[in-house]
Amino acid sequence: MTQTARRIDAEERRARLGRRHRLGPHRAADLLTATRDVVCWHATDPSTVYLSAWARVDGFERADLERELYETRALVKRLAMRRTVFVFPRETLAAAQAAVGSRVARTERARLVKDVEAAGLHDDGDAWFDRAAAAVRAVLADGRELRSTELRDLLPELQGSILQGEGRSWGGPIANAPRVLNAMDAAGEIVRATNAGGWAVSRHRWAATAAWLGEQVPALAEEEGTRLLVEQWLRRFGPGTENDLKWWPGGTLTAVRRALADLDAVPVDLDGRVGWVLPDDLDPVEPTEPWAALLPPLDPTTMGWTDREWYLGDYKAMLFDSAGNGGASAWVDGRIVGGWRQRDSGEVELQLLEDVGAERRALLEAEAERLSAWFDGVRVLPRFPSPLSKLVAEGKVDV
């Protein structure tokens, strides 16, 4: 076994999690600080970003996020890790692009090219994709923003669809335009700009990245981007295993090990499993005061590791669906103790899976009241509900 510098047990990891991810009494004073302290926000479900920020930023309002996304543009949406949309701080885009985005773009393009050729839409799928991408670049070059349907109507190269899942309940025609645009997004050429759908609905417009940001994103080598991204992850999520670091960006063990070596990362004992921290991050972390948090589906803390037993316990089947998406979760002192949902009225209801004691129950109830007030009667249907929510709704689990 690898010689480890010291042991970091689950209790200390939970203390690090609470402080570094700005949860409970450790909330940040502003949105950009909170974003940097979790590296990036999951944004496949648009409401997730707002709710993740609400949990971490004192006095957070929806307008705060919209200002940073659409006015200052200090935060930028990008298709990246595991083909998921994230919101990155602007200064992290170059590392994410080099480490993850370009690889995702190549994969998305190859899949689409294969599909259009197999469907008989184009004999040379690569040549068609190049024409389509060039047409998109040309029409967005002047700085305009257009929705996918508007681009499709303007550009014959984007028209057409492919029948997928024939005979299955989810089957049907899949338009080519969004797939071209997603591949171009992952490649860094275009960006999800303003949203016409409101804070809980995604109806984004597309813009050229350079026009939207007013500059080109610096180009980095893949190895440098991976090192920078691994460094950020270790700073905010560490310690973590090689398995965590391979899964989180969707990379390879070879790339992870090279980055760990370049960073002089130090191995530590995670209760019998080898984990890694940065060399200046070995000092012990003291336990925190009691705290509670309510996090949305796909929150970066819930999704931050793939070796999750130290904060998830035996609740994987209740909180994660079959595709690995984490649902709405209730946290106490750095571990998941259940979930939450909105009633039809918009009021937040706890779904606890264990007795957390009167003091911590009161903390969770206070968070539920705070979140209910923030929703102000607006009901948001999660795109990725947890199995627990479904079981409770069906009367199969009593909480």
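Only the coordinates and a few stated rules stand behind these numbers; no lab work does. Bear in mind that the values here come from a model prediction, so they are computed numbers and not experimental data. We place every Cβ from the backbone using ideal geometry, glycine too, and count neighbours over all the protein chains shown.
At 0.36 nm per residue, and after removing the present C-alpha to C-alpha distance, how many nm does the segment from I162 to D30 gain when stretched out fully? Each step should come with its number before you reach the end.
On the way: separation 132, 0.36 × 132 = 47.52 nm, distance 4.44 nm.
Length difference between fully extended and current span is 43.1 nm.
How tilted is helix 222-237 with respect to the longest principal axis of the chain? Cα atoms for both, answer in degrees (0 to 90, nearest 10).
On a 0 to 90 degree scale, this one is about 30.
Springs between alpha-carbon atoms under 10 Å, Gaussian network over the chain: tell me which of W206, W128, W276 tops the mean-square fluctuations.
Highest fluctuation among the options: W128.
If you keep only loop residues by DSSP, which GluC sites (Glu not before Pro) in the range 206-269 have at most 10 other Cβ atoms within 10 Å of their Cβ?
Details: sites: E215, E222, E223, E224, E231, E242; in loops: E215.
Of the GluC sites (Glu not before Pro), the ones in loops of the range 206-269 whose Cβ has at most 10 other Cβ atoms within 10 Å are E215.
Normalising by the residue count of the range 3-100, find the relative contact order in percent from Cα pairs under 8 Å and 6+ residues apart.
About 24 percent, as a whole number.
Using square roots of five times the C-alpha gyration tensor eigenvalues, list the equivalent-ellipsoid semi-axes of the chain in whole Å, biggest first. Kindly include the intermediate steps, with their values, before the conclusion.
Values: eigenvalues 254, 138, 84 Å².
Semi-axis lengths for the chain are 36, 26, 21 Å.
Please compute the net charge surrounding A330, taking Lys and Arg as +1 and Asp and Glu as -1 over other residues with Cβ under 12 Å from its Cβ.
Details: positive: R335, R341, R360, R361; negative: D299, D333, E349, E354, E365, E367.
Neighbour charge sum, excluding A330 itself: -2.
Could you order the peptides 318-326, 387-395, 40-48 from most to least packed, using the average number of other C-beta atoms within 10 Å per residue?
Answer by packing, highest mean first, reads 40-48, 318-326, 387-395.
How high is the relative contact order of the chain, in percent, counting Cα pairs under 8 Å that sit 6 or more residues apart? List each step's numbers first, then the result.
Working: 715 pairs, mean separation 73.3, N = 399.
That works out to 18 percent.
Treat the count of other C-beta atoms within 10 Å as a stand-in for reagent exposure and order F237, F375 from fewest to most.
Values: F237 22, F375 16.
The order, fewest Cβ neighbours first, is F375, F237.
Measuring from the lowest to the highest alpha carbon on each principal axis, how far does the range 90-213 reach, largest first, in angstroms?
Largest to smallest, the principal-axis extents are 43, 31, 26 Å.
Suppose only helical runs count, i.e. DSSP H with n ≥ 4. What mean residue ellipticity at 222 nm does that imply for the chain under -39500 (n - 2.57) per run, divided by all residues and rounded to the nearest 500 deg cm²/dmol?
Numbers: 17 runs with 160 residues, N = 399.
That comes out to -11500 deg cm²/dmol.
Cut-off under 24 Å on the C-alpha distance; same-chain residues fewer than 8 positions from K246 excluded. Which lysines are left, in chain and number order?
Straight-distance partners of K246: K77, K316.
Which value results when the Cα radius of gyration for the range 197-324 is divided by 2.2 N^0.38 Å? Working shown, then result.
On the way: Rg = 18.0 Å, N = 128, 2.2 N^0.38 = 13.9 Å.
The value comes to 1.29.
What percentages make up the Cα-Cα pair-distance distribution of the range 335-399 when the bins are 10 Å wide from 0?
Taking every Cα pair in the range 335-399, the percentages come to 20, 50, 29, 0.
Note the angle between two axes, namely the Cα long axis of helix 102-118 and the longest principal axis of the Cα atoms of the chain, as a number of degrees from 0 to 90, rounded to the nearest 10.
50
Helix 125-140 sits at what angle to the longest principal axis of the chain, using alpha carbons and giving 0 to 90 degrees rounded to 10?
For 125-140 against the chain, the angle is about 80 degrees.
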